[in-house]
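Take a look at the structure set out below.
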Amino acid sequence: MAEALTTQEQLAVEEFLSEVRSRELPHSAGLVSQPTALKFLMARKFDVPRAIDLFQAYKNTRIKEGIININPDEEPLRSELLSGKFTVLPGRDAKGAALALFTARLHRPDVTTHKAVLQAIIYQLDKAIESVQTQRDGLIFIYDMTNSTYGNFDYELCVKILNLLKGAFPARLKCVFIVSSPLWFRAPFAVLRLFVREKLRERVCTVKAHELISHIPVSSLPEHLGGTSQYSHVAWIQSCVNMQTNTIQDDAHDCVGRLLRSYSLDNSNKSIGDSRTRGLGQYQQSSNSASDRSDGNHQHWNGSAVGGAAESVSGPNANMNGRGLQAPPQSDTPPDTPLSQKEEGDAASTATDSGHKSQNEGLNEEDEECDEEGGIPSLPKKSLPRAPNQSPPLSSSWGPDESCYMEMSVHVPDQGGMTVYELVDYVKRKKKRGIYQEYENIRKEPPAGSFDYSKKLSNQIKNRYSDVLCLDQSRVHLCQLCDDEDETSDYINASFMDGYKSRNAYIATQGPLPKTFGDFWRMVWEQMVLIIVMTTRVVERGRVKCGQYWPLEEGKAEQHGYFLIRNTHIQLFQDFQLTHLELYNTQSGEKREVSHYLYVSWPDFGVPKSASAMLDFREHVLERRKAAVQNLGSSWRGPPWGPPVVVHCSAGIGRTGTFCTLDICLSQLEDVGTVDVHQTVRRMRTQRAFSIQTWDQYYFCYTAVIEYAQRHGKLSPVQWSDSDLETDSE
């Protein structure tokens, strides 16, 4: 270790080792080393419980993906390392973070497996975090989509990589760059965008390739990304090989290698160990004097020592076949093809012979730890929500501008939008029946994701309706309660939804149940919610639509979980009421103000004949939100539109979807003069499945936009004659 440990840090190391070893099998308890402990502790700022959680997540990820042994001179891993698809760059960002680059155009799902790609990534990242600086300053993962095609795209693999980086790798993830291409904004990538946003909300930014230089020093970026670095992938791989020792007893460079191998039978373990030892010995013999100087520090593979390593591949043994042990050929930038023609053929045949067993299952949601940190001070207790001054900024460490957030939203203007005059002609031509059929086509589209976590037995009782569930990729994660036996205490039936050019602008949720009141207020606290919009009454037509989760009378207070909610003042309007609430956290002693809107003018049947009341209601909510964000002042370090607005009805899809659709469409109309109700609803349903529940709610969105245009002088009065049947809605 290059840096001396403090007494407290040394005690943390001892505590970590003691706890981890007590959890392992007797014959493998001593296989976790101090260097391994330091990696996980550094990644969690020497918070021992969280470091142990990270260790377990990393180990479980490798077990799940079958990555027990990582031998770089065995196929298909060797071909993956040769490909240059994934590499660690020699430069760093301005704050010292290491740079890792995944080049999407070099990925060929038809000739490689998920396991091989993940092995190559883990192998290289394990070597990268041998650097104390990387352990301390973290890692930036650059996902380069430039010049990639649909044939290079592998959603399941992306999910696995991001799951690994987000919650199961011993290094601080500073930021993830998805270097955008036209593909990124097309429909097949919508689910991936949602997943990226959910997993790495405050640590992800999308930029064009040419914009990278405004975030990362030019000297650290390769030439094909606008930089000046003439990095050598071969030198990096050679340095990885040089880090290896030629005895199996020292596995400090593989975080849990020996431990995982101990799970195998003793004779299998011995066979693997002998094979790995022989392979590494031959690697060492083929390396030049650079190995004598290599200690894992980055300057050794970006300086004079690299030259010797690179030159070694030009000797007589440079053309060894797929089982050979020589370092890969020189490549200053990622090549257009993964390997030379000969090696590419070998790799393809190897993949074919192995049956191409692609790992198609992403990590289950329950395998993730509720960990939002990334250089953020840890809280005294994990169950405590963040206070305003502890909330991680929703911008990256470089502070991307609003356009970065816009690119992450699924709701951006495109060529399909219509002006209000075109919209009127469209509705007149299609008539109500045609608009109904348009909605019916949307309704038949299958959900864009899975509902696995909502379906867990312990979560089913938290759902108001058994058939209204949360998509796994967009659900809101509550912080896990450490003192709760319920392993799914991070669950609430609520989904993040984008607004117009604003990601995570809303949280769409069901009407809280009495058993979930505490969870609801915990979500409000953790997400720093300022505005709650309720579009149903508690009881309608003799049916309970939502629990009474806030005190009705002024001056009254109620306790739910560890939150005390006080009704400080009520304002009554013609179509809605505004209740001013004070939310007090009994654990931290903090309090916040929350505005609760209750819209009371939705009719018991169908939808409103006029959108006038709903439009007034929306304007009041927007003004209130703007003022509330301004009142936060410098304590709010997130996007300019503020924290998410919670919107709910009974199920959280019908009236909730209608309100959000209207807000998105009208925001776009004000911005660029066009709307696209059809695409807005389709995109919304990729985040909150089944949003807009009925035909008449969908039709109402069209007429409400037209009525808004009339009110604001964008359109002359239009006469409507709606004689078609009305449909009940929630």
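The values are calculated or read from the model by the stated rules, or taken from the named source; none is laboratory data. In this text the structure is predicted, and so the values were computed from the model without any measurement. For neighbour counting, all protein chains shown are included, and Cβ atoms are generated from backbone atoms with ideal geometry for every residue, glycine included.
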Could you please give the count of residues in segment 529-549 that are in contact with a helix residue (DSSP H, G or I) (Cβ under 9 Å, 6 or more places away or on another chain) and crowded, with 20+ Cβ neighbours inside 10 Å? 8
For segment 561-576, check the following and say yes or no: at least one residue is assigned to a strand (DSSP E or B), in contact with a His (Cβ under 7 Å, 6 or more places away or on another chain) and in the same structural domain as Arg475 (by TED's automatic domain parsing). yes
Just a yes or no: is a residue in segment 580-588 within 27 Å of Gly499 (Cα to Cα) and surrounded by fewer than 18 Cβ atoms within 10 Å (Cβ to Cβ)? yes
Going through segment 415-469 in order, the residues found to be in a loop (DSSP other than H, G, I, E, B), touching a residue at least 24 places away in the same chain (Cβ under 8 Å) and under 25 Å from Tyr699 (Cα atoms) are Gly416, Gly417, Thr419, Glu445, Pro447, Ala448, Tyr465, Val468, Leu469
Considering only segment 602-624, I want to know if a residue exists there that is more than 29 Å from Lys545 (Cα to Cα) and in the same structural domain as Phe573 (by TED's automatic domain parsing). no
Working only within segment 518-537, note down all residues that are among the aliphatic types (A, V, I, L, M), at pLDDT 95 or above and part of a loop (DSSP other than H, G, I, E, B). Val529, Leu530
Boolean, Ile63 is closer than 23 Å to Asn163 by Cβ, of a type outside the set (S, T, N, Q) and surrounded by fewer than 18 Cβ atoms within 10 Å (Cβ to Cβ): yes
When residues of segment 512-524 are filtered for being over 16 Å from Phe496 (Cβ atoms) and hydrophobic (A, V, I, L, M, F, W, C), how many remain? 3
Conditions: (1) in contact with a Leu (Cβ under 8 Å, 6 or more places away or on another chain); (2) surrounded by fewer than 24 Cβ atoms within 10 Å (Cβ to Cβ). Val705 meets all but one. Number of the miss? (2)
